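Student: Before I ask anything, let me first share the structure, which is written out below as structure tokens.
Only the coordinates and a few stated rules stand behind these numbers; no lab work does. The model shown is predicted, which means the values in this text are computed figures rather than measured ones. No Cβ is skipped: glycine too gets one built from the backbone with ideal geometry, and neighbour counts run over all protein chains shown.
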Amino acid sequence: MDRTIDLDQAAATIAEGLPRWQALGLVAQPLTWRDEAAAWPRPLLTERSSVHDPDSVGIVLTGPNDTEFHVVLFRGGWADIDFCADLDRGDYGSLPTPRLTSAAEFSDHLDRWVRRVWLSTA
């Protein structure tokens, strides 16, 4: 897999967002890492030091009324984004993501994605 994004830098940008998200009443689960060097199926690990060759980093945010946001960033420059903002109104699914080229670009999009899920609070 191409190494377009430095996942350690991306993890740092996630960490920078935590105080803002916590101020909104959101709860962040531990970061998850997947190791390219691990045997298939590759497990998700929460200790970065246990990952030799990271190919993804992810986080789950939860909020009031069972709202959830899941993002997994792959070092190749794409992300998988799933959310549930309001199950009763059908406001859930996956968000489109552009091809990302840097951790800074990921940070900008991450803030937009969080605002999309928590429109009334972000």
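Student: Within segment 22-90, which trypsin sites (Lys or Arg not before Pro) sit in a loop by DSSP and count at most 10 neighbouring Cβ atoms inside 10 Å?
Tutor: 89
Student: Counting only C-alpha contacts under 8 Å and six or more residues apart, can you give the relative contact order of segment 79-122 as a whole percent?
Tutor: 32 percent
Student: Moving on. Relative to the longest principal axis of the chain, what angle (0 to 90°, nearest 10) does the C-alpha long axis of helix 7-23 take?
Tutor: With rounding to tens, the tilt is 20 degrees.
Student: Among 55, 111, 66, which one moves the most in a GNM of the chain with springs linking Cα atoms closer than 10 Å?
Tutor: Checking each option, the largest mean-square fluctuation is seen for 66.
Student: Is the C-alpha gyration tensor of segment 14-60 telling us rounded, prolate or oblate? Criteria: a/c under 1.5 is rounded; beyond that, a/b larger than b/c is prolate, otherwise oblate.
Tutor: It is prolate, given that a/c is not under 1.5 and a/b is the larger ratio.
Student: I've got another one for you. With each run of n ≥ 4 DSSP H residues scored as -39500 (n - 2.57), what mean residue ellipticity at 222 nm is computed for the chain after dividing by its residue count and rounding to the nearest 500 deg cm²/dmol?
Tutor: Helix contribution divided over all residues of the chain: -8500 deg cm²/dmol.
Student: Just tell me the longest site-free run in the chain, where the sites are GluC sites (Glu not before Pro) in a DSSP loop having at most 16 other beta-carbon atoms within 10 Å.
Tutor: Result for the longest clean stretch: 48-122.
Student: When Lys and Arg each count +1 and Asp and Glu each count -1, what net charge do the other residues less than 10 Å away from residue 70, Cβ to Cβ, add up to? Let's see the in-between values first.
Tutor: Details: positive: none; negative: 68, 80, 82.
Around residue 70, the surrounding residues sum to -3.
Student: Would you please put 95-101, 3-9 in order of how densely packed they are, using the mean number of other Cβ atoms within 10 angstrom per residue and starting with the highest?
Tutor: Going from most to least packed, we get 3-9, 95-101.
Student: Which ³J(HN,Hα) values, rounded to whole Hz and listed in residue order, are derived for segment 75-85 from phi using the Karplus coefficients 6.51, -1.76 and 1.60 in 6.51 cos²θ - 1.76 cosθ + 1.60 with θ = phi - 60°, glycine and proline given as x?
Tutor: Per-residue couplings from phi come out as 4, x, x, 10, 9, 9, 10, 10, 8, 9, 8 Hz.
Student: Take the alpha carbon gyration tensor of the chain, find the square roots of its eigenvalues, order them as a ≥ b ≥ c, and report rounded if a/c is under 1.5; if not, report prolate when a/b exceeds b/c, else oblate.
Tutor: prolate
Student: Give me the distance between the Cα centres of segment 1-57 and segment 62-122, rounded to whole Å.
Tutor: Using only Cα atoms to place each centre, the spacing works out to 15 Å.
Student: Once amide H atoms are placed 1.01 Å from N in the peptide plane, what residues at a sequence separation of 5 or more from residue 26, or on another chain, have their amide H within under 5 Å of its amide H?
Tutor: none
Student: For segment 79-122, what class follows from the C-alpha gyration tensor (a ≥ b ≥ c being the square roots of its eigenvalues): rounded when a/c is under 1.5, otherwise prolate if a/b is larger than b/c, else oblate?
Tutor: Oblate, because a/c is 1.5 or more while a/b does not exceed b/c.
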